[in-house]
Each structure stands twice: as structure tokens, then as C-alpha cells.
Amino acid sequence: MIRVLIADDQAMVRTGFGMIIGAQSDMEVVGEAADGVQAVELARRLLPDVVLLDIRMPRLDGLEALRLLAGPGVADPIRVVVVTTFDLDEYVHTALSNGACGFLLKDSGPALLVEAVRAAVSGDALISPSITVRLLEHLSSPAPARDDGGLSPRELDVVKLVARGLTNAEIATQLFIAVGTVKTHLASVQMKLKARNRVEIAAWAWERRLVG
């Protein structure tokens, strides 16, 4: 079972997300938090597989709670998917910098919410083409296009497809290589870029305008 913690200051949102998660045969809600402080406390105590975290919450905002749970320097980061009403660029950038495994808008629908939870657990499709990639495209201060991070041409091909939201299987099909080869390339990319997950890899690609 995929154990999920829901953190949102609106009871109706928590109930709605809980019904969606509870309807999945392989998921269960292990806790609910109404503010950021409670979200951090419950996450550290319950150690869920995934935390669904709102941004604007009382006592401690979601971005700071995210930093405490998954940000740089956290020894055992917890997988966090940010689910919010606000798609401001600065929120997305801060969320990715603080270790988010995904960024969803609340009106994305049940199917995408479930997909985001499974993606966070599997480490595969952490980026939603319809949401996160659209937002990443507008990140400011791009690095020079010639900055390839020391990646090989094939690794750059993989990175560009990751930034477009493709899964490992889809990347393998697109590049006519094995899924295992895709995973090998991604492991090398993560090491070279010092990226912790696919979201950070995608952010790196979009910031450098490697994706048209």
C-alpha cells in the first residue's frame, strides 16, 4: 500500500483528496494536517510514502514545510507533491529547489492526482506535461545554451525527454533503446548534475532552454 499524508488548511479539500486516494486499491490515507507545522510533525512521525502538500497554510507555509521535509541537507527526504491553487512561477521554482517530486494544480482532476502519487513513489513520471512543464518553461535567468553540464549527446537526449514529461518506457521507445539503458543514463545524469530527482533534471533543462 502507498501511504499518503494530506496537508491542506481546507477540510473539504482534505476530504476530497482522501476520497480519491481511498478509492485506489493500492493507496491509503494515513493522516491529515490542517497547517504546515502539523504537516511536518505528522510526516516525521508517520513517515508516509507521499505527502500531498498545499502552499498557503497557517502557522507554516507549505514551501517552508517542504524544505524541512525534503529540502537540501535533509538526511532522509520524504517524497512531497505540491498541490495548490496558485501556479506562480516563483512558487514552482521554490518548490523544485526545496525537493518537490511534483507540482499539481487543485483543479487537475482525480486521475492526475493519483498519477502524481504513483509517480512520486516509482521515481518515474514525476513531471506532468500539462502543468509542471508549462510552468518550468517560464523560469527566469536561463544559463547560456552552451552549458551542457558535461552530459553526453545521448544523455542530453534523455534529459530533454524527461523535461517534456515522458516516462522511462516512453523515452526508451522514442530513442530506440532499452528501459534499463534509460535508467543507466538517468543515474549518470543525476550524478553529473547533482540532481536528486527527475524534477530537478527537468528544471535544469528548462532553465537552460534546452527544450523548445
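Values in this text are rule-based calculations from the coordinates and carry no lab data. On a predicted model such as this, the values are computed, not experimentally measured, just so you know.
Below, the figures for the structure above:
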| item | result |
| --- | --- |
| Pairs of Lys in the chain closer than 16 Å at Cα, counting only those 8 or more apart or on different chains | 4 |
| Estimated Rh, segment 1-103: Kirkwood, alpha-carbon pairs, angstrom | 13.3 |
| Correct option for volume of the Cα convex hull per residue in Å³ [calculated from the coordinates] among (1) 156; (2) 136; (3) 116 | (3) |
| Under-5 Å amide H pairs with Leu104, H placed in peptide plane, nonlocal only | Val82, Val83, Thr84 |
| GNM flexibility winner over the chain from Thr181, Thr84, Thr167 (Cα, springs under 10 Å) | Thr181 |
| Derived scalar couplings ³J(HN,Hα) [segment 12-18; Karplus, 6.51 cos²θ - 1.76 cosθ + 1.60; whole Hz; x for Gly, Pro] | 5, 5, 4, 5, x, 4, x |
